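Read the figures in this text as sums done on the coordinates, not as results from a lab. Everything numeric in this text was worked out from a predicted model, so none of it was measured. Heads up, the Cβs are rebuilt from the backbone with ideal geometry, glycines too, and the neighbour counts pull from every protein chain shown.
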Amino acid sequence: MSKKKKSGANKPASPERACIEDSPSVPSATPSRSEALDLKGETPGPNNGPAKSRISRYISFGLLLGVVALVGILFYEVMAQFLIPLFLAAVLVVVFRPLHRWIAEKCSGREKLSALLTTAAVLLVVLIPIGILLVMAAAESRHFYRQFNATRIVEGVRQIRTNMKLDMPSKQELRQIDNGLSLLQESITFTPAEEYSHQSGLYEIEEAAKKLASQQGLNWPSNPASDANTPSENSDWFLFASDLMQARVLHNEIPWRSDENKSSNEQRNESLRKYQVKLNETAEHFATFRTRFLGGKTKAWITELANPSDEETETYAASTVSLLRDRLFRLTGAGVAYVGKLLLGTAIMIIGLYFFLLDGPKMIETFKGLSPIDDEHEQELVAEFARVSRAVVLATLISALVQGLLAGIGFYFAGLDSVILLTVMSALLAMVPFVGAAAIWVPCCFYLYFFDHNLAAAIGLGVYGAAIISMADNVIKPYILHGQSNIHPLFALLSVLGGVAALGPIGIVIGPMVVAFLQTLLKMLRSEMVDLDQMDHAVE
């Protein structure tokens, strides 16, 4: 669709021109195109007339589009690394436009001075304080890095388990019996080479069971066949112990070595079957006793989950330390390159902010003149950029900043270490929908209770976090937005997560803005389609 004219409607013809147009036609001294062709000896036809001119115009237009596309791709490759800093500079211009107008009035219209003073004010109010907080948070993270080790994690897990009363009594003996029975049940071939392994395995299981009985005050049967004297209060344990002793007897009766004069294969197979059945009954009775001993199925499952073996605990702790050190704290070549890229982007953003404040209106008018989009849609895009910047950026950042400061106050009075690091992390996570600053202050409450054993501070921080920190978002955002349309919560969450995955931390801000612009562009496209449909109906 052709671009709508900005101004300059059709002017009325002058009286002289009107007289000329109303007068009878006079032969022109200049020969027409047809006459010129006749003079050259050519005859106008379909290949030499308007059709040929139209085709050449289409070819020229197509080639021009191709060149523009090629140059546009090259332009993107050159400017790609600077697009995000320039985009953030444009956002800062929209956010601090009232301040710039006030400074421009005080400077009596001196544009360069007002742009320079506004840029300096943004540096002092926003960028420098954020930089100082990040440096202080990095210093605290290095202190945390020095204290972060596998031993501390293991001790912390043990403290939490003890405070929640999830310690497994006689854990080593229970694990030894359970693992031993599982290994014996897996050996189902019963070759003569397995005689010693089964014999030693049954002995180790019996020794662990007797040790468990002495620790927990359980009775050990004196006669393996005395099932009639089973104590009712410990029936599961007594059945397990009796079956275990009987399994040892049956094992000793198996003719492991073939002897044609004393036993046959049928007798050996029957002995093996009886031993296997008794071994399975032993495992079943022990599983029943173990579940009841640990407090039921649910409690037993939770206790098992909270009590990994010492080897597993040390392996998990070492893996966690290695992962966090490599991903978060280790200053590698890639980390240095990222810091350098961040500093360069910040410098570009500051320079872009100054020139956008100085020549922003002229740049917009130039863009409108070059763009093939209708002026109405261009104006709508500019207005949408300003609206989304206020709605998404201003509301989100101010809400996150306030929540971070409130969280920092709570962490300070709760007596936590690394307050600045926790404050910065709370402010960052406060910008993520459905997560918020609660992702920081809730674990801090558990830390105060389980590690510092400070119940009052844990409860106080929990109440303060739920009533003040997290509720601040519900007050600040509606006040700033003033009823403006907001992104659907599902798309808000996905846009933040997708933006972080694609662009890094800055995607928290850019992701929702991309979604909002897409909504606006789709509305424009629908409007154009409706206009085209109306034009088609009018032609018909």
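Relative to one another, the C-alpha centroids of the stretch 355-404 and the stretch 92-106 are positioned 14 Å apart.
In this structure, the pairs whose alpha-carbon distance is over 23 Å, taken from LYS341/LYS362; LYS112/LYS362; LYS210/LYS278; LYS165/LYS297; LYS171/LYS210; LYS171/LYS211, are LYS341/LYS362.
As a calculated quantity, the FRET efficiency between LYS211 and ASN280 at R0 = 25 Å, using C-beta atoms, amounts to about 0.60. Highest mean packing first, where packing is the average number of other Cβ atoms within 10 Å per residue, the peptides 488-501, 412-425 line up as 412-425, 488-501. Computed from the alpha carbon positions, the gyration tensor of the stretch 450-519 leads to an equivalent ellipsoid with semi-axes of 33, 18, 8 Å, biggest first. Given R0 = 22 Å, the distance between the Cβ atoms of MET471 and PHE446 translates into a calculated FRET efficiency of 0.60.
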